[in-house]
Amino acid sequence: MEAGRELWTPSSWHGLPIVQQPEYRNQSFLQSTLTHVRPTQIFTLPPIVSPSEVLQLKVELAKCERGEQILLQCGDCAEAFADCTGSVLLKKTEAMYKFRDMLSAAAGKPVLLVGRIAGQYAKPRSEAYETVLTQSGLPIKVLSYKGDNVNSIDIEKREANPKRLLDGYYRSVTTM
């Protein structure tokens, strides 16, 4: 273990500084969203990926590390809720499969395709505000767009909304 680095545990992140987080103005609304969700708690909702899928991915990644297959990761930098439709997702997955097949044919090896899809709904931002141009061309300062999981790209709806976390979760589950 490197000097100054502690052993990772599932709770070790609790002591780390929090940066680039959305600021929810109404903390009680945030807490009620996280703890009293339709009618269960968000923390008790099923995982999007099963433990057995995680273990299988580890096996496949080990093959990549040994040079037995190639890792190809594809996907959007950030997804939009509006793109969570059957036709958009089908086009994305078809493109990913084509990339995989072309790479496999060129390399003569199997390719592990990891799709960055189904939940990339947040965008880290180092600044709380950004400057955008209005339709008349005048610059205005607005809250930064942090992705559909947090707020809207519509400058009139930039306040962080905790209900969007649930929207993102359900879209992710639907996509998977």
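The values are calculated or read from the model by the stated rules, or taken from the named source; none is laboratory data. Nothing here was measured: the structure is a model prediction, and the numbers come from that model. Quick reminder, even Gly has a Cβ in these numbers, built from the backbone with ideal geometry, and neighbours come from all protein chains shown.
Every residue in region 11-30 that is touching a Lys or Arg at 6+ places or on another chain (Cβ under 7 Å) and either at pLDDT 85 or above or in a helix (DSSP H, G or I) (or both), please.
If the condition is that a residue be touching a Lys or Arg at 6+ places or on another chain (Cβ under 7 Å) and either at pLDDT 85 or above or in a helix (DSSP H, G or I) (or both), then Pro22 is the only one that fits.
Show the residue pairs that are 6+ apart or on different chains and have beta-carbon atoms under 8 Å apart, the first residue being within region 19-33 and under 15 Å from Leu143 (Cβ atoms), the second being among the hydroxyl-bearing types (Ser, Thr, Tyr) and exposed (fewer than 13 other Cβ atoms within 10 Å of the Cβ).
Here the result reads Gln20/Ser126, each pair linking region 19-33 to a residue that is among the hydroxyl-bearing types (Ser, Thr, Tyr) and exposed (fewer than 13 other Cβ atoms within 10 Å of the Cβ).
Is it fair to say Glu94 is over 23 Å from Leu45 (Cβ atoms) and free of Cβ contacts under 8 Å to residues at least 40 places away in the same chain?
So Glu94 passes the test.
Going through region 89-131 one residue at a time, which ones are surrounded by 14 or more Cβ atoms within 10 Å (Cβ to Cβ) and aliphatic (A, V, I, L, M)?
Listed by number, the residues that qualify are Leu89, Met96, Leu103, Val111, Leu112, Leu113, Val114, Ile117, Ala118, Ala122.
Given the structure, is Lys63 in a helix (DSSP H, G or I), out of contact with any strand residue (DSSP E or B) (no Cβ under 6 Å at 6 or more places or on another chain) and either among the polar types (S, T, N, Q) or closer than 29 Å to Lys163 by Cα (or both)?
Taking the combined requirement at face value, the residue does not satisfy it.
Taking the condition of being surrounded by 10 or more Cβ atoms within 10 Å (Cβ to Cβ) and within 22 Å of the chain's Cα centre (by Cα), how many residues in region 59-88 meet it?
Residues flagged as surrounded by 10 or more Cβ atoms within 10 Å (Cβ to Cβ) and within 22 Å of the chain's Cα centre (by Cα) within region 59-88 amount to 16.
Looking for something touching a strand residue (DSSP E or B) at 6+ places or on another chain (Cβ under 9 Å), over 30 Å from Pro162 (Cα atoms), of a type outside the set (Gly, Ala, Ser) and assigned to a loop (DSSP other than H, G, I, E, B) - is there at least one such residue anywhere in region 92-114?
yes
Scanning for something in contact with a Gly (Cβ under 7 Å, 6 or more places away or on another chain) and closer than 17 Å to Tyr24 by Cβ, does region 106-117 turn up at least one residue?
Narrowing region 106-117 to residues in contact with a Gly (Cβ under 7 Å, 6 or more places away or on another chain): 115-117.
Next cut, closer than 17 Å to Tyr24 by Cβ only: none.
Within region 106-117, none of the residues are in contact with a Gly (Cβ under 7 Å, 6 or more places away or on another chain) and closer than 17 Å to Tyr24 by Cβ.
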